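These notes concern the structure reproduced below.
The values are calculated or read from the model by the stated rules, or taken from the named source; none is laboratory data. Remember, it's a predicted structure, so these values are computed and weren't measured experimentally. Don't worry about glycine lacking a Cβ; one is built from the backbone with ideal geometry, like all the others, and counts go over all protein chains shown. These area figures cover heavy atoms from the full protein model, side chains too; ligands, DNA and RNA do not enter into them. Shrake-Rupley method; radii C 1.70, N 1.55, O 1.52, S 1.80 Å.
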Amino acid sequence: MMLRLILGSLRARALTVGLTVLAIALSVALFLGVEKMRNGARASFADTISGTDLIVGARSGSVQLLLYSVFRIGNATNNLTWESYQEIAARPDVDWIVPISLGDSHRQFRVMGTTPAFFERYKYRGGRALELAEGHGLEDLYDAVIGADVARTLGYVTGDPIVVSHGIASFTDHADQPFRVAGVLAKTGTPVDRTVIVGLEAIEAIHVDWQSGGQRPGAPTPQDVIRQMDLEPKAITAALVGVESRLRIFGLQRWINTYPDEPLLAILPGVALQELWQIVGIAETALIGVSAMVVITALIGMMAMIFSSLGERRREMAIWRAMGASPSVILGLLVVEAVVMAALGAAIGGALLYGGLAIARPWIDASYGIWLPLGWPDARELWMLGAVIGAAALASLLPALRAYRLSLADGMTVRI
Amino acid sequence: MPDRDQTPAVRLTDVLFRWPGPAGFTLDCPAFEVARGERVLLLGESGSGKSTLLSLICGIIVADRGRVLVGGEDLGKRGAAARDRLRAEQIGVIFQQFNLLPYASVADNICLPLRFAPERRKRAGDAGAQVTALCAALGLPPGVETAPAGRFSVGQQQRIAVARALIGSPPLIVADEPTSSLDAAAQDGFLTLLFDQLRATGSSLLMVSHDARLAAQFDRTVQLADIVTTGRTAA
Ligand SMILES: Nc1ncnc2c1ncn2[C@@H]1O[C@H](COP(=O)(O)OP(=O)(O)OP(=O)(O)O)[C@@H](O)[C@H]1O
Ligand SMILES: [Mg+2]
């Protein structure tokens, strides 16, 4: 009966209560949303690469190397010479090695030159291998295998021609040497979805007529001539390495990092990810802090709303008192009222977030490559919701204590 | 346990009360009694301290000095929680106006005191049946129980308040100008209904008013000025 009366009282003030609940709901949705994005981003980053023991590139920062080689974020400042690559590949500790050559693009997507071994060796989400949804792998020099998002965004199917642009975001095309879509990969939820994969020799081939960033004047070399040429690259961007025995990872890493002929860097992907989290962690904490402040602001709004309702509700309090309610019942009524509002806000906020996610999820995936899971709220989220409700109860104590004192001072008649 | 039929419903002896504040209103009542089953009309000017006296009797405020006995129980000797409980158990309260929680149903309003008075709830027996019976006896239209109380006219609301005061037959009914918001015809009807019910339950009635014309229907009429001296003290 008490709960029924509390709900009735809230319903009678539907407008102010509704706005308060809405403010709480939006703040809760933001709070949970930030947390979800954070976890989603972490999980999808961590799922992007597995099974690779070392990533080798020109010496730069380990986070930078990880970002450009695996996530296609940013650019390599330097390349790795083919000689160094071959020397590393010849090390006894190396089980397998896959070269990667980046730097060109097709529309908004990056083009990556590699060897067919990439399709065997690249693993994601705990050891899953790439799969073809359509077509076949790299067979001809001008074959391209495209990621799922590339195919979907540009509407490509196998057999379609692709013209690669020189560099990233440039207007010069390698129009004389068009590729053909040989295969489309199944969706992975990794940056591979947004990559156009071609053979390492093909990268070499399209740059035959290019010298230090500029196109050589004159007629382009015909394709059949190019096919006869030696297309061994002079340099690559990075290499993924698998080691014979896990125990040898650090030995090989040290050997590469102290390689005398060229400044190189070998990183363990997991360690570099940890480093990345440390950098991102500060921003994450700030974001969570800000969203928590928004929740607190909403709760202060609720507090103000309860305070301002006390004036018009003194009569109601006097009735409760006259019927035998002790002042602590009055206090309890207001606290429960706040808890009901906060719980309602939390529930609506959660529903808003999940509903919004269900709608925005494909878009977030397409633009950020983060696939947010849509399961039931986990323990941490429930804990956060509980904390919001607890904070609401705490915030309501102030106006509730005031009501307590008023109801003691008012007696049976309320003088307004 | 004092004999219920002998002890007065209300007895004040040597009571002094002062409202806190800069111009604290003081009320001094050497002696006042309401006998069991008696119907007393208390008359007084506005601001003379009538409501203050009722608050003292209800145990919502506590006398600074002297004794307030309700049904033989000394309110001053009880803790705040016990006073609240005693009020719920023993006293039915009717205000001048705005008696009800407008958002709550009629039935919830009527049963509200039972929520804080387990013994009175037991006495009421089947609360739902009681509510229906009281509503019918007080001339409320059938089926009102589930409607929100705020929907009714002032006169109907006052009758709902009477039903609430009477449920579980508390020994004492305290009414603070319950008729002042009603017109003359409604006043008469209201009092007739109230008295009918009092006869049925045997409860005492202490009713405050500034309308001396009502006196004829009561067992006894008391001028507040005769039983209390009031004043203002500078704090
Ligand atoms: N809650 C309160 N706090 C402080 N002083 C109060 C309070 N309630 C009443 N008083 C003081 O007590 C005096 C008497 O008030 P009370 O309400 O008892 O008079 P009343 O006879 O019931 O008047 P009315 O006929 O207008 O209802 C008032 O003048 C007021 O100054
Ligand atoms: Mg009064």
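Brief remarks on what is shown
- Shape analysis of the range A:315-416 based on the Cα gyration tensor places the equivalent ellipsoid semi-axes at 44, 12, 10 Å, largest first.
- Under the Karplus curve 6.51 cos²θ - 1.76 cosθ + 1.60, θ = phi - 60°, whole-Hz ³J(HN,Hα) for the range A:376-387, x wherever Gly or Pro sits: 5, x, 7, 4, 5, 5, 4, 4, 5, 4, x, 5
- For the range A:72-95 versus the range A:143-178, the gap between their alpha-carbon centres in whole angstrom: 26 Å
- Summing Cβ point charges (Lys, Arg +1; Asp, Glu -1) relative to the Cα centre of chain A gives a dipole of roughly 3040 debye.
- Placing dummy labels 7 Å off each Cα toward the beta-carbon, the span from A:Leu398 to A:Glu262 is 6.4 nm.
- Qualifying GluC sites (Glu not before Pro) in the range A:197-276, DSSP loop, other Cβ atoms within 10 Å at most 16: A:Glu244
- For the residues of A:314-322, the average number of beta carbons from a partner chain within 10 Å of their own beta carbon is 6.
- When the solvent-accessible area of the range B:4-232 is split by element, carbon and sulfur atoms take up 52 percent of it, the probe being 1.4 Å.
- The range B:106-158-the range A:297-338 distance, computed between alpha-carbon centres (Å): 24 Å
- Inter-part distance where the range A:218-281 and the range B:27-102 are each reduced to a Cα centre, Å: 91 Å
- A:Val280 sits among other residues whose Cβ lies under 15 Å from its own Cβ, and their net charge, with Lys and Arg +1 and Asp and Glu -1, is -1.
- Spin-label model, A:Gln228 to A:Leu154: label points 7 Å out along the Cα-to-beta-carbon direction sit 3.1 nm apart.
- Per DSSP, loop GluC sites (Glu not before Pro) in the range B:40-145 with at most 13 further Cβ within 10 Å: B:Glu45
- Residue-span extension gain [A:Glu244 to A:Ala347] - 0.36 nm each, minus C-alpha spacing: 31.9 nm
- Residues losing 30 Å² or more accessible surface upon assembly, the range B:102-120, compared with the chain by itself, 1.4 Å: B:Tyr103, B:Asp108, B:Leu112, B:Arg115, B:Phe116
- Selection from B:Leu191, B:Gly71, B:His210, by position along the positive dipole direction of the range B:4-232 (Cβ): B:Gly71
- In terms of its alpha-carbon gyration tensor, the range B:4-232 comes out prolate; a/c meets the 1.5 threshold, and the first ratio a/b outweighs b/c.
- Coupling constants for the range A:305-318 follow from the phi torsions by the Karplus curve (6.51 cos²θ - 1.76 cosθ + 1.60, θ = phi - 60°), and in residue order they are 4, 5, 4, 6, 7, 4, x, 6, 9, 5, 4, 4, 4, 4 Hz; glycine and proline get x.
- Between 0 and 90°, nearest 10: helix B:127-137 axis offset from chain B longest Cα axis: 90 degrees
- To the nearest ten degrees, helix A:2-12 and the longest principal axis of the Cα atoms of chain A are 80 degrees apart.
- Inter-chain Cβ neighbour count for B:79-89, averaged per residue, equals 3 (cutoff 10 Å, partner chain atoms only).
- FRET E, pair A:Trp363, B:Gln97, Förster distance 60 Å, beta-carbon r, rounded to 0.05: 0.55
- Among A:Ala272, A:Ser291, A:Ser309 the positive-end extreme of the charge dipole of the range A:171-326 (Cβ point charges): A:Ser309
- Charge-dipole axis of the protein assembly as shown as Lys and Arg at +1 and Asp and Glu at -1 on Cβ define it, positive-most pick from A:Tyr404, A:Ala379, A:Gly251: A:Tyr404
- For A:Arg125 and A:Arg405, the difference between the fully extended length at 0.36 nm per residue and the C-alpha to C-alpha distance is 94.8 nm.
- Global form of the range A:1-142, assessed from the alpha-carbon gyration tensor, a/c cut-off 1.5: prolate
- Cβ-derived FRET efficiency at R0 25 Å, B:Ala31 paired with B:Ala216, nearest 0.05: 0.45
- Inter-chain Cβ neighbour average for residues A:48-54, partner chain, 10 Å: 0
- Cα gyration tensor category, rounded, prolate or oblate, for the range A:54-267 with a/c compared to 1.5: oblate
- Listed by chain and number, the lysines placed with their C-alpha closer than 25 angstrom to that of B:Lys50 are B:Lys77; residues fewer than eight positions away on the same chain are left out.
- With 5 Å bins beginning at zero, the pair-distance distribution over Cα atoms of the range B:100-208 amounts to 2, 13, 25, 26, 22, 11, 2, 0 %.
- Per residue, chain A exposes an accessible area of 45 Å² to a 1.4 Å probe, with every protein chain left in place.
- B versus A: buried accessible surface, summed, Å² (probe 1.4 Å, to nearest 100): 2300 Å²
- Surface share of carbon and sulfur [accessible, 1.4 angstrom probe, percent] for chain A: 62 percent
- Building the convex hull from the alpha-carbon atoms of chain A and averaging its projection over directions returns 26.8 nm².
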